[in-house]
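Chemist: Here you go, one structure.
Quick note: the coordinates plus some simple rules give every number you see, no bench work behind them. All figures in this text were calculated on a predicted structure; none of them were measured in a lab. No Cβ is skipped: glycine too gets one built from the backbone with ideal geometry, and neighbour counts run over all protein chains shown.
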Amino acid sequence: MKMTHLLVGSLLAATLVAAPALAEEEVPAYRETQLGLYVTASEAHELMQENDRAVLVDVRDPIEIKFTGFAEPTDIHVPWVLADRDNFDEEAKSWPMVRNADFEAQVRAELEALEMGEDDPIIVMCRSGSTRSAPAADLIAEMGFSQVYSVTDGFEGGKLEEGDSRGVRAVNGWRNSGLPWSYEIDPDVAWRPAE
């Protein structure tokens, strides 16, 4: 019996030591963060249910939120980048995204208003968990916060690879995981440009 407990304990310890390395291997380089802390949308929601100090930061453009929806438990909304509606990029066939110069100051002010401690969980979410949540999480970590998570599947999740709806973001993500969301945006959370 003692040998069984020792074996099970050893296997559990090995799994716990290997888990962070496995998580890093599964995260594509463009999604990696300095802290290496990642959650799916479902795990983020669970973390928020378990820890009332955990906050959700949405870093999407406000217009994106208007048309795709908003996670109801969002505590902070400050866009990492904004669509430059004045400069259409003909080659890209879209409007360029430009960095929100006020991101750091605005997020810092919101975190201070919530009296966030350096070890309180901060969960950062964008549309699909890649080019915005990861760098935003890094910047928040550089402010001195040690528990900054990037939501790997974001609000909308990944794209369908087959069928009539191929290319539609309908795989995982906050909205597709049955988590609370709405098209109505909480006025107390909605981002406003710096004055």
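This table checks each residue for (1) in contact with a helix residue (DSSP H, G or I) (Cβ under 7 Å, 6 or more places away or on another chain); (2) surrounded by fewer than 16 Cβ atoms within 10 Å (Cβ to Cβ).
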{"site": "Gln49", "(1), (2)": "no, yes"}
{"site": "Val55", "(1), (2)": "no, no"}
{"site": "Lys66", "(1), (2)": "no, yes"}
{"site": "Pro73", "(1), (2)": "yes, no"}
{"site": "Ile76", "(1), (2)": "yes, no"}
{"site": "Asp89", "(1), (2)": "no, yes"}
{"site": "Arg99", "(1), (2)": "no, yes"}
{"site": "Glu104", "(1), (2)": "yes, yes"}
{"site": "Glu118", "(1), (2)": "no, yes"}
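Chemist: What is the number of the single condition among (1) in contact with a strand residue (DSSP E or B) (Cβ under 9 Å, 6 or more places away or on another chain); (2) farther than 20 Å from Val39 by Cβ that Cys126 does not meet?
Modeler: Against the list (1) in contact with a strand residue (DSSP E or B) (Cβ under 9 Å, 6 or more places away or on another chain); (2) farther than 20 Å from Val39 by Cβ, Cys126 comes up short only on (2).
Chemist: Let me confirm something: among Ser177, Ser150, Ser146, Ser165, which residue is of a type in the set (S, T, N, Q) and in contact with a Phe, Trp or Tyr (Cβ under 6 Å, 6 or more places away or on another chain)? If you could, list the steps in order and put the result at the bottom.
Modeler: Working: Ser177 fails: in contact with a Phe, Trp or Tyr (Cβ under 6 Å, 6 or more places away or on another chain); Ser146 fails: in contact with a Phe, Trp or Tyr (Cβ under 6 Å, 6 or more places away or on another chain); Ser165 fails: in contact with a Phe, Trp or Tyr (Cβ under 6 Å, 6 or more places away or on another chain).
Just one listed residue meets the conditions, Ser150.
Chemist: Moving to a separate point now. Considering each residue of region 144-157, count those that are closer than 14 Å to Trp80 by Cβ and not in a strand (DSSP E or B), and give that number. Spell out the reasoning first.
Modeler: Going residue by residue through region 144-157, those that are closer than 14 Å to Trp80 by Cβ are 148, 150-151, 154-155.
Filter again for not in a strand (DSSP E or B), leaving 154-155.
The number of residues fulfilling the criteria is 2.
Chemist: Tell me, which strands (runs of 3 or more DSSP E) wholly within region 40-115 include 3 or more residues that are touching a residue at least 60 places away in the same chain (Cβ under 8 Å)? Show your work before the answer.
Modeler: On the way: elements: 55-58, 81-83, 97-99.
The strands (runs of 3 or more DSSP E) meeting that bar are 55-58.
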